[in-house]
1. Relative to the Cα centre, what is the charge dipole magnitude of segment 77-235, using +1 at the beta carbon of each Lys and Arg, -1 at the beta carbon of each Asp and Glu, and rounding to the nearest 20 debye?
2. List the longest stretch of the chain that has no exposed loop site; here a site is one of the trypsin sites (Lys or Arg not before Pro) assigned by DSSP to anything other than H, G, I, E or B, with at most 13 other Cβ within 10 Å.
3. GNM on the chain, C-alpha springs below 10 Å: top fluctuator among 236, 175, 276?
4. Would you mind giving the average projected area, over all directions, of the Cα convex hull of segment 83-320 in nm² with one decimal?
5. Cross-link partners among lysines for residue 14, C-alpha distance below 27 Å, same-chain residues fewer than 8 apart left out?
6. Taking the Cα centre of the chain as the origin and placing charges on Cβ (Lys, Arg +1; Asp, Glu -1), which of 156, 193, 138 is farthest toward the positive end of the dipole?
7. Roughly how many Å² is the accessible area per residue of segment 293-350, as a whole number, for a 1.4 Å probe?
8. Compute the convex hull volume of the Cα atoms of segment 327-412, divide it by the residue count, and report the result per residue in Å³ as a whole number.
Amino acid sequence: MTEPYDTVDLIRIKRDHGELSTAQIDWMIDAYTRGYIADEQMAAMSMAIFLNGMERQEIRDLTLAMIASGERMNFDSLPKRTVDKHSTGGVGDKITLPLAPLVASFGIAVPQLSGRGLGHTGGTLDKLESIPGWQASISNARMSAILAEVGAVICAAGAGLAPADGKLYSLRDITSTVESIPLIASSIMSKKIAEGTSALVLDVKFGSGAFLKDIEHSRELARTMVALGEDAGVATSALLTNMNVPLGLAIGNANEVRESIEVLAGGGPADVVELTVALAREMLALAGQPDADVAAALADGSAMDTWRAMICAQGGDPDAALPAARERHVVTAARSGVLVEQLALPFGVAAWRLGAGRARKQDPVQHAAGIDLHAKPGDAVYEGQPLFTLSADEPERFARALESLEGAYRIGDVGDEILTGGPLVVERIRA
Ligand code: URA
């Protein structure tokens, strides 16, 4: 087959701040997926895009080309509206767990194709796999059947969905080209659009524990993704949310499931409840139920009933005991005062070092490893009070986890400024 373009020419165009045409982008993604374009060439292209950016049309073309590289799911035959949610990832971010059954309890289908964690942000599938018997991989037919019966499915995305993104994302991971708005936006949206949802709510995070630290970049990412969704016919909105402080009190896998169940039982930490409710309202508004009483569904047990059905449908036992760690290490307050700072990123790194996350794709996670916080910024603490507990199966992991927590939290005096970086939900972005 004669190739219509030279890869080197296309790299040069982006290197020199030029714009690629639709045909050039279509060819580039197809040629990379079939192995004609080499990884080192695509790495150079990714770096050129990282440094010089892309025009709106190029980002749209890149997204559509990645969708076209694989299968496209379709839930049009379901007698329910479909709404999905995607979070750009953070520390203690277990919101999908209570959110999917909560929204499904209103008769909406929530098809959540999720991933496993890499680095300091955990993966939804890793968390759910701490429930005995629960299976992440199910067929498309089974997924449709559960959506029809239960309404909520959280499962592994098959390799057939946007395979070009899978290849490109692995390459970006090892070439320091992840934090690029055109590349992140096209990567996330190609998978979400290929998944076939009719509406989508994005939780775009900023702050110390987020991908993009400053709010301006996160806002631009959110706007870019909302425009991509709307262009593809998916009703899309985004909430910009604060990830300077860990979300909730649990960071890990099994402990995050436990905290999610508390929220479904009508309790749980205030910030987890606030974000779950805000995202549920947004999803239900896109699905035509702007007045749904979300708080009532948490209080009256209907969201919990859907959770139990969702876990059972994928082989899990919602009543089984969750795994417990073999070793614990409690860190106490060195003095009395007020907890004024608790930085998300070092706590995420510490949980990862305890075994809750993985350094390489093929590594297993330790489901019981993680951190339980006993105080949040603004809480009064007294000398000797437990501030947080580290859990791990191997006690030799504690030293490196504690190293990453040096300077990660601070006890001040009554009246000192509480450094949370502002409110949790900062802004809503719609087309
Ligand atoms: N998540 C994705 O799926 N892709 C990115 O590029 C970043 C986060």
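1. Working: 15 positive and 15 negative charges, 46 e Å.
Once rounded to the nearest 20, the dipole reads 220 debye.
2. On the way: sites that count: 34, 72, 326, 335, 360, 361.
Counting only loop sites that pass the neighbour cut-off, the longest clear stretch is 73-325.
3. 175
4. Details: hull surface 46.2 nm².
Computed as one quarter of the Cα hull surface, the answer is 11.5 nm².
5. 167, 191, 192, 213
6. Positive-most Cα among the choices belongs to 138.
7. 44
8. Working: hull volume 7.2 nm³, N = 86.
Dividing the Cα hull volume of segment 327-412 by its residues yields 84 Å³.
The values are calculated or read from the model by the stated rules, or taken from the named source; none is laboratory data. Note that this is a predicted model, so its numbers are computed, not measured. Glycine also receives a Cβ, built like all others from the backbone with ideal geometry; neighbour counts cover every protein chain displayed. SASA here: full protein model, heavy atoms, side chains in, ligands and nucleic acids out. Shrake-Rupley method; radii C 1.70, N 1.55, O 1.52, S 1.80 Å.
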